[in-house]
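Heads up, the thing below is written out as structure tokens.
The values are calculated or read from the model by the stated rules, or taken from the named source; none is laboratory data. Here the structure is a predicted model, which is why all the values come from computation and not from measurement. A quick note on method: Cβ atoms are made from the backbone with ideal geometry, for glycine too, and the neighbour counts reach across all protein chains shown.
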Amino acid sequence: MVVNRREFLSTLGAGAVAATARAGTAASMKFGYAAITWGANVTQAIEDIGSLGFRSIQLRSEAFAQFGAKPAALRELLDKHRLKMSVLSSGNLSIDPAKEQEEIANHVSHAKFVKAIGGEYLQVIDERPKGRAIVSEDYRRLGKLLSKLGQRTADEGVPLVYHHHMNSLGEKPDEVAAVIEAADRHHVRMLFDVAHYQQAGGDPVKAIRKYRDWIQVLHLKDVRPVEGGSGYQFVELGRGGVDLPGVFAALNDISFDGWAIVELDRVPDPNRTPKEAAELNKKYLIERAHQRI
């Protein structure tokens, strides 16, 4: 049984209370889980995530491919498992002018799908131009394009959130800042990812406070270097290098009350199922971060 914050704190000693205070608790924050770990097995993801007690799910293009022509069926499935689709990952957005009309139309069709199944937000990631040097105008172009797309999705009743991401134009902290500076906050907000921001060289704790007026959705995620090799690996919460207690403290400081979506791209342990990995993430939230999902 998960106790509320008052009951929990009343059972703790002074040392544990201090640890909880350092972690911080955003009492009105809502927790969801991303279906990416399950790949194309959308139905299984919904069943597993619902059974773990999360309040929402973030779905991807596989959901649109499977249910785009029958959104009512997906809405019924979500309702059955007491889930809301908080976010749909709508794919990439290119700054290539030749692709603009086609891509906007594609993302708007996804926004209509989100609306039809009672979802909340549409997420886009940008594409870093290949084969040439990046110039300052690229960031301005992306910020304006995001704002334009956000106007169109808002017309469908679905706000747009921009997910800064590794290997994208908005990757490093200064690049994220340049994109955000060029965007209109009335039409686009941030999906802030603590692990992507850290892997790109930033401090997610400071960034949460910096972008407090921009962050609409959060990705709770952890990352660590690949053992004995180069690169990085996304892992279950508490198994990487992200300062998650600091993240929760910052969220508490800014009174974040939006969706915090736990995301794990793939299960790092081949002997563990996506649901088992999700159980570990849930355990971290409850036992170590003292959150109530």
query = Which of the following residues is under 20 Å from ASP253 (Cβ atoms) and more than 15 Å from the chain's Cα centre (by Cα): ASP174, ASP203, ASP184?
reply = ASP203
Residues that are among the aliphatic types (A, V, I, L, M) and surrounded by 16 or more Cβ atoms within 10 Å (Cβ to Cβ), drawn from segment 56-67 = ILE57, LEU59, ALA63
Qualifying residues in segment 68-92 (those that are more than 12 Å from ARG55 (Cα to Cα) and among the polar types (S, T, N, Q)) - the one surrounded by the fewest Cβ atoms within 10 Å (Cβ to Cβ) = ASN92
remark   = Among ASP253, ASP257, ASP265, the single one that is modelled with pLDDT of 95 or more and closer than 22 Å to GLY50 by Cβ is ASP265
message = Can you say whether TRP214 is under 29 Å from VAL158 (Cα atoms), of a type in the set (Phe, Trp, Tyr) and surrounded by fewer than 23 Cβ atoms within 10 Å (Cβ to Cβ), as far as the supplied structure shows?
response = yes
Unique match (being at pLDDT below 95 and more than 16 Å from SER147 (Cα to Cα)) among VAL194, VAL217, VAL226 = VAL226
request  = May I ask you to verify whether GLY53 is in contact with a His (Cβ under 9 Å, 6 or more places away or on another chain) and surrounded by 14 or more Cβ atoms within 10 Å (Cβ to Cβ)?
outcome  = no
